[in-house]
Every structure is written in C-alpha cells, then in structure tokens.
C-alpha cells in the first residue's frame, strides 16, 4: 500500500473538515436565519457569509482550527492497519503547514508548542473495529471556545432522566454565548466518566436534523432541543429563538449506583468530514 497516497487522502480529509461546513449544518443555519430578527439575524448572516468565503478561498472556517480528533473504524480484513497511526500523524503535520492550521498543541507542563499539532496523545485517535476490509475515518476539529464548555456530571441514579435534562440545560445556560451559538449539543449518558464524555463527542458526528434510532432517546433529544431554545441565549449570546441547532444523545449501560452524563458542546461551525479507505489503498473523502 502506498502510504504517501493515503497520507494525501487524510490531508484532504482535514482540509475539507476545516474549510467546508456539512450541508446539514448549512441548512440548519439558513433555517435559523429565516426565523430570527435583529442582532441574531445579523450574526447568522455573518456566519453564512463566513461559510461561503471559507469554501471559496479554501481557508479555515475559524482562526481556532482546534484540537483534531479522528474516529477510525477498521475492517478486520483490512490488510495494512499498522500504517494508519503514523500516516494520520504525518498528514496532520502537513495540514498544519499547508492549509495552514494554527498550531494548537501545547505541553501542559512547560507550555512548549512544537508547531506541528502533534503531542502526547494528540492528535486524538479513537479506534474501533467492524467486519469487512474498509476503513472509515471521521475527523472532528474542536476549538477551545466550545471545548471549554464541556462538563461531566456524576449524577445520582435517583434523579432519573429529568435530572439528566436539568443537568444538560444548566450546562448550556452556564456556557451562555461563550461557545459561539447556535450550538450543537452532544450528550453521553451512562457508562463510566470517560465513556460518557466520549459518547458526548461521538454524538456530534451525527448530522444535524437527525434523531437517534431508539424512539425514547429520540424523544429526549427533541425535548432537550426545545428546552435549550427556550433559554433565549440566541446566536452569539445576543438573544434569539435559536440557541442550538440540534441536541444528540448517545447512551451506554451504567453501574446501578452511577449515572454519568457528559455534555460536549460544538460551536455554530459544526466542522466534520469523513473518508473511506479501501483495501487496495484507494480512498474517497465525503
């Protein structure tokens, strides 16, 4: 397998995620624009203009190009899984230089920045496996403005789903305009502390406007979105009808004595892109 060819594909994946907003997000922003007035409408107009300019100029959507997270699902019959980690890392180095991306990885002990978006445990790569011989990679850039609003709640199971809803809404209210709304809210319920946060971030991968396949979870998503949009925080925190474009929930089984809830907020620029890698090394960025 030609590793340089695969590296080029991952570079294109990063470029697409950083410079193009997915169609589902654009549709949601336009719908928000159609119902807002005043300062909220002006902010949404600027966001949509930003989307158009970034795609036209092939430049990053935001000056904060984020921490890069890769969700990689490997087919068990894929013939070259051993090259994926290093190839992703090299593509990140190239992306930092060629797109370019802002160097965002800083040593927490020394504040040293090596300038290439690599570092201990970064880029963050989450691995999974499935039958077949394909590799599916989804890349999610996450800026600090929204990431800093993430929250973990280790709730008592006695609070039930109503307590979960209250915790999520409280997190959004506390965040206010800081994560650059209208936001997308990812919620992970259950598992352990780390798994709940992981699920919250995975929930952001689902297209805006789609619901969970489990009806009870879909109902929770609908309820959360409605409550959040009644807060009146509005675009960029200036007040309005649309504080969130969507709320997505993923769940895991939990311990009887524990109810972890992870809330991961994404800004209006809900950046993400995916690719598939074939067993012969060919690829398509979607």
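The values are calculated or read from the model by the stated rules, or taken from the named source; none is laboratory data. Source: prediction; values computed, not measured. All Cβ positions, glycine included, derive from the backbone under ideal geometry; neighbour counts span all protein chains shown.
Before moving on, here are some points about what is shown:
- Among the candidates 273, 257, 244, 269, residue that is at pLDDT 95 or above and surrounded by fewer than 17 Cβ atoms within 10 Å (Cβ to Cβ): 257
- Count of residues meeting criterion [in a loop (DSSP other than H, G, I, E, B) and surrounded by 18 or more Cβ atoms within 10 Å (Cβ to Cβ)] in the range 217-241: 3
- Residue match in the range 111-123 (condition: buried (at least 18 other Cβ atoms within 10 Å of the Cβ), in contact (Cβ under 8 Å) with a residue 24 or more places away in the chain and assigned to a strand (DSSP E or B)): no
- One residue alone among 31, 55, 43 is crowded, with 20+ Cβ neighbours inside 10 Å and within 22 Å of residue 209 (Cβ to Cβ), and that residue is 43.
- Selection count where residues are over 13 Å from the mean Cα position of the chain (by Cα) and closer than 14 Å to residue 270 by Cβ, scope the range 167-210: 5
- Those residues of the range 175-195 which are more than 21 Å from residue 47 (Cβ to Cβ), assigned to a helix (DSSP H, G or I) and in contact (Cβ under 8 Å) with a residue 24 or more places away in the chain, in sequence order: 193, 195
- Hits in the range 196-216 - residues which are surrounded by fewer than 18 Cβ atoms within 10 Å (Cβ to Cβ) and either at positive phi or assigned to a helix (DSSP H, G or I) (or both): 209, 215, 216
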